[in-house]
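I have placed the structure first, in the form of structure tokens, so that the comments after it can refer back to it.
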Amino acid sequence: MRAVIQSLRLAALLLIAQAAMATPQQLLTDLQHMRLSATNAVTNFYMFSGLDADSKYERRIEESMDKFRTALASARQLAPLSGVGDELASIEADWNTVSELMTTNRNDMLKQGFPNVRLVDEMGRKSAEMVNKVSAAYEALQSNSGIRPSPVVEKARDLALLMEEITSQYAARGTTNLGQVFMGNYDRSLTEMADDFQKELDVLEGMVKSANNEALMNSVKSKWRFMEERIKNYNENTVPFLVVSYNDRIIEHLEELESRFQ
């Protein structure tokens, strides 16, 4: 009987330890999804406004907003257990502001055919500030918990976020007259960001080099080559709808790679 009790205690302790590990990992995943979906929502608004309120991009805006809300709901449950409750409360307040601005800007497009430039700029800047807060919470969580994703997962997540930021800036410049305004949301030019992406992509490829990952990496690289040429020559023959489409595929590939190393 004593042996049985000891076995049960050990099993309970193991479950508790696993739960303690799982909570930060899930929260890190939630924060990553929040970063990507917030940036993607703004990108789709630029497409929506630049293409005369195209219903396709209105649906995509709502899909991105829903993804953020889902990740936020999960993070809200986990953040107090991981010591980042205050950070998440600040992020949620910013998100409410971004959501209100998104609603106003979408309604302006539908009712009058054009948005208020000042409000669109405010939305882009507030979203970028919020994403920076999410990144800070991500780093704080790793520091507090001592738990970090694998190096491959981290590299894939960094590349996915950079990919979204590049695409958002390109979409702003390629579809509306807001591009120069939006440029203020990032410290680097499109060319600089593209150069950084290529360098980090080379690093990632070296980290995952194997026959199992070759097809996936080749797909990422081929799509990136197409995007890179357009991004670095954004003043000539801009094709934002293609860049946005390729962005989606690259993000999917990076997330697939991430899942293989979790």
- State which residue is farthest from residue 79 (Cα to Cα) when the search covers only segment 115-137 and only residues that are crowded, with 16+ Cβ neighbours inside 10 Å and in contact with an Asp or Glu (Cβ under 7 Å, 6 or more places away or on another chain). 115
- Message: Any residue that is charged (D, E, K, R), in the same structural domain as residue 140 (by TED's automatic domain parsing), farther than 19 Å from residue 168 by Cα and at pLDDT 90 or above - is there at least one of those in segment 35-45?
- Response: no
- Query: Which of the residues spanning segment 30-62 are touching a residue at least 12 places away in the same chain (Cβ under 8 Å) and of a type in the set (D, E, K, R)?
  - Reply: 30, 35, 52, 58, 60
- Are there any pairs with C-beta distances below 6 angstrom linking a residue in segment 195-207 that is under 11 Å from residue 217 (Cβ atoms) to a residue that is assigned to a helix (DSSP H, G or I), with the two at least 6 apart or on different chains, and if so which? 204/155; 205/217; 207/152
- Query: Can you name the residue in segment 187-235 that is outside any helix (DSSP H, G or I) and buried (at least 16 other Cβ atoms within 10 Å of the Cβ) and is also modelled with the highest pLDDT among such residues?
  - Reply: 208
- Residue check: is residue 108 free of Cβ contacts under 8 Å to residues at least 24 places away in the same chain, charged (D, E, K, R) and buried (at least 16 other Cβ atoms within 10 Å of the Cβ)? yes
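Here's the yes/no breakdown for (1) crowded, with 21+ Cβ neighbours inside 10 Å; (2) at pLDDT below 95:
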position: 75; (1), (2): yes, no
position: 80; (1), (2): no, yes
position: 93; (1), (2): no, no
position: 103; (1), (2): no, no
position: 113; (1), (2): no, yes
- Task: Could you give me the residue pairs with C-beta distances under 8 Å whose first residue belongs to segment 216-233 and is farther than 16 Å from residue 196 by Cα and not assigned by TED's automatic domain parsing to the domain that holds residue 165, whose second residue is in a helix (DSSP H, G or I) and modelled with pLDDT under 95 wherever it lies, and which are 6+ apart or on separate chains?
- Result: none
- Task: Report the residue count in segment 141-167 for those that are small (Gly, Ala, Ser) and either modelled with pLDDT of 95 or more or assigned to a loop (DSSP other than H, G, I, E, B) (or both).
- Result: 4
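The values are calculated or read from the model by the stated rules, or taken from the named source; none is laboratory data. Note that the structure is a prediction, hence the values are computed from the model and not measured. Because the Cβ atoms are built from the backbone with ideal geometry, glycine has one as well, and the counts that use them run over all protein chains shown.
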